[in-house]
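Read through the structure below, which is laid out as structure tokens, and then see the notes.
The values are calculated or read from the model by the stated rules, or taken from the named source; none is laboratory data. A quick note: this is a predicted structure, and the numbers were derived from the prediction, not measured. Cβ placement follows ideal geometry from the backbone for every residue including glycine, while neighbour counts extend to all protein chains displayed. Protein only, heavy atoms only, side chains kept; ligands, DNA and RNA dropped before computing areas. Shrake-Rupley method; radii C 1.70, N 1.55, O 1.52, S 1.80 Å.
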Amino acid sequence: MSEFTIDVNEENFDSVVMKSDKPVLVDFWAEWCGPCKMLTPTIEALAEEYKDTSSIVKINVDDSPAIATKYGIRSIPSILLFNKGDVVEQRVGAVSKDELAGMLDKIIKG
Amino acid sequence: MHKVIIIGSGPAGLTAAIYAARANLKPLVFEGVQPGGQLTITTDVENYPGFPKGILGPELMDKFRKQAQEFGAETLFENVDKVDFSSKPFKLHVGDKEYEAESVIISTGASAKLLGLESESKLMGFGVSACATCDGFFFKEKDILVVGGGDSAMEEATYLTKFASSVTIVHRRDEFRASKIMQDRALNNPKISVMWNSEIVEMYGDPKDKGLESVDIRNLQSGEIVRHNTDGVFMAIGHKPNSDLFKNQLSLNESGYIITEADSTVTSKKGIFAAGDIQDFTYKQAITAAGSGCMAAIEAERFLEGH
Ligand SMILES: Cc1cc2nc3c(=O)[nH]c(=O)nc-3n(C[C@H](O)[C@H](O)[C@H](O)COP(=O)(O)OP(=O)(O)OC[C@H]3O[C@@H](n4cnc5c(N)ncnc54)[C@H](O)[C@@H]3O)c2cc1C
């Protein structure tokens, strides 16, 4: 596990994601998903860079299928950006670090 | 200035990187939006020599990358947005950065063909998929469609019955192109049915809400269009070469493949080489892509020596 990302499941989803006062970037992934593995270095670099201003979390869809269903995830990797409990951005598939950083900056820097 | 820049990180690009790195050319590899290439969206690869029990596609490609890095290849998770091969050094644009190279190996491979509907691209990832192994999981107990009639359509349909309650293959003709064995496997599966002489002409759903909900299917014989509810559409109508970037720079054939000289990776531009699925419309296998990646690196090395 990485130092800077948080593993989220059905138990801690509410406290870590919904009740957070910082923006939360959620990466939906699974062990069997090749493209998800390829996104890992991007997510980890982002988590380190934004460790003070945001939470970068990972949800394993095999372990937490109910969350994936609730948010209508039908393809992974899927990235959801939460702000104050609402989904404000969503990306499916490969995405660059710059694009994700841009999404976070928009909230952090207003 | 780089001696060799390699565009793409599938079997062709990373094999070229291994050979170029061992030849001390310090290759730079742009991995693109699909690091590791097409094999990263499949599960078991059973026909790549050296792995008698098979190997997972993503794992195989990790090994390719590590081997290239071992010999000093540099790999970047970046996508090339534009190239200019009109003068030397060749120029490659990545975001607002410009890279220069004495030679370039193109191994941008292929990606899944789509129907080309606006609604399809809007719903991609929200019920529309081109990768059964990636997305099948999300269609447990759902009713889904597979579009296509070749081996890969049969394989996807069969695979998807592990999750879905029903799979309907939508095919434009009244017979499949797929091999007998693959057809039998699909047609004997009680969860699979077929709509012959049919094509999807429109898709409906809101990506921000429930995603794909229904599609219009036209019967090509009667011309009749009928709306069908569905939770998912999986595309399996083949692949097209990723050559848009090179359109006005290199000679392409009518299907968009980069044309290379016989038994070689030499393109219409001296110093530019092409390897793998971007120039191979016949074999399209990991081993043949790797083989032509090796050829490209050796040909680039000879080209650089001749300078
Ligand atoms: C589902 C599936 C299963 C398969 N199973 C097998 C199998 O079992 N055995 C087998 O031998 N073959 C199999 N194949 C075929 C095999 O994957 C391909 O033949 C092989 O991957 C081709 O390699 P390549 O290096 O030419 O291109 P690809 O693997 O397509 O890689 C292309 C690379 O180029 C990069 N790229 C594209 N555009 C740009 C750009 N603008 N800038 C930077 N980079 C870019 C991409 O990110 C990617 O890394 C399968 C294919 C699929 C889709």
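Quick look at the numbers
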{"quantity": "Meets criteria (open to solvent by 30 Å² or more (accessible area, probe 1.4 Å), touching a residue at least 60 places away in the same chain (Cβ under 8 Å) and within 10 Å of the ligand (Cβ to nearest atom)) for residue B:88", "calculated": "no"}
{"quantity": "Flag if residue B:228 is open to solvent by less than 70 Å² (accessible area, probe 1.4 Å), away from the ligand (no atom under 16 Å from the Cβ) and touching a residue at least 12 places away in the same chain (Cβ under 8 Å)", "calculated": "yes"}
{"quantity": "Residues satisfying the stated conditions in the range A:66-77, i.e. more than 8 Å from chain B (Cβ to nearest Cβ) and open to solvent by less than 40 Å² (accessible area, probe 1.4 Å)", "calculated": "A:67, A:77"}
{"quantity": "One residue from A:27, A:52, A:7, A:14 being assigned to a helix (DSSP H, G or I), more than 12 Å from chain B (Cβ to nearest Cβ) and out of contact with any Cys (no Cβ under 6 Å at 6 or more places or on another chain)", "calculated": "A:14"}
{"quantity": "Residue, farthest from residue B:94 (Cα to Cα), within the range B:20-32, restricted to residues that are more than 6 Å from the ligand (Cβ to nearest atom) and of a type outside the set (A, V, I, L, M)", "calculated": "B:22"}
{"quantity": "Cross-chain or 6+ apart pairs with Cβ under 7 Å, the range A:78-100 first and within 12 Å of chain B (Cβ to nearest Cβ) and touching a residue at least 24 places away in the same chain (Cβ under 8 Å), then open to solvent by 60 Å² or more (accessible area, probe 1.4 Å) and part of a loop (DSSP other than H, G, I, E, B)", "calculated": "A:94/B:33; A:94/B:34"}
{"quantity": "Search result, residues across the range B:151-192 that are of a type in the set (Lys, Arg) and assigned to a loop (DSSP other than H, G, I, E, B)", "calculated": "B:162, B:172, B:173, B:177, B:191"}
{"quantity": "Cβ-Cβ under 6 Å pairs, at least 6 apart or on other chains, the range B:273-294 side on the phi > 0 side of the Ramachandran plot, far side of a type outside the set (Val, Ile, Thr) and more than 6 Å from the ligand (Cβ to nearest atom)", "calculated": "B:276/B:292"}
{"quantity": "Residue among B:9, B:107 that alone is under 18 Å from residue B:295 (Cβ atoms), more than 14 Å from every other protein chain (Cβ to nearest Cβ), within 8 Å of the ligand (Cβ to nearest atom) and touching a residue at least 24 places away in the same chain (Cβ under 8 Å)", "calculated": "B:107"}
{"quantity": "Residue satisfying condition, being within 13 Å of the ligand (Cβ to nearest atom), at pLDDT 95 or above and among the aromatic types (Phe, Trp, Tyr), within set B:234, B:281", "calculated": "B:234"}
{"quantity": "Identity of the residue in the range B:22-56, of a type in the set (S, T, N, Q) and crowded, with 20+ Cβ neighbours inside 10 Å, that ends up nearest to the other protein chains (Cβ to nearest Cβ)", "calculated": "B:40"}
{"quantity": "Verdict on residue A:58 being part of a helix (DSSP H, G or I), of a type outside the set (S, T, N, Q) and closer than 24 Å to residue B:79 by Cβ", "calculated": "no"}
{"quantity": "Hey, residue B:274 more than 14 Å from chain A (Cβ to nearest Cβ) and either within 11 Å of the ligand (Cβ to nearest atom) or under 21 Å from residue B:58 (Cβ atoms) (or both) or not", "calculated": "yes"}
{"quantity": "Selection within the range B:1-35 - at positive phi and polar (S, T, N, Q)", "calculated": "B:24"}
{"quantity": "Qualifying positions in the range B:33-51 - assigned to a loop (DSSP other than H, G, I, E, B), more than 7 Å from the ligand (Cβ to nearest atom) and either under 9 Å from residue B:10 (Cβ atoms) or over 17 Å from the mean Cα position of the chain (by Cα) (or both)", "calculated": "B:49, B:50, B:51"}
{"quantity": "Hits in the range B:57-71 (condition: away from chain A (no Cβ under 12 Å) and open to solvent by 50 Å² or more (accessible area, probe 1.4 Å))", "calculated": "B:63, B:66, B:67, B:69, B:70, B:71"}
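For every residue, the table says whether it meets (1) within 18 Å of residue B:34 (Cα to Cα); (2) in contact (Cβ under 8 Å) with a residue 24 or more places away in the chain; (3) in contact with a strand residue (DSSP E or B) (Cβ under 6 Å, 6 or more places away or on another chain); (4) open to solvent by 20 Å² or more (accessible area, probe 1.4 Å).
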| position | (1), (2), (3), (4) |
| --- | --- |
| A:5 | no, yes, yes, no |
| A:14 | no, no, no, yes |
| A:17 | no, yes, yes, no |
| A:24 | no, yes, yes, no |
| A:31 | yes, yes, no, yes |
| A:37 | yes, no, no, yes |
| A:52 | no, no, no, yes |
| A:64 | no, yes, no, no |
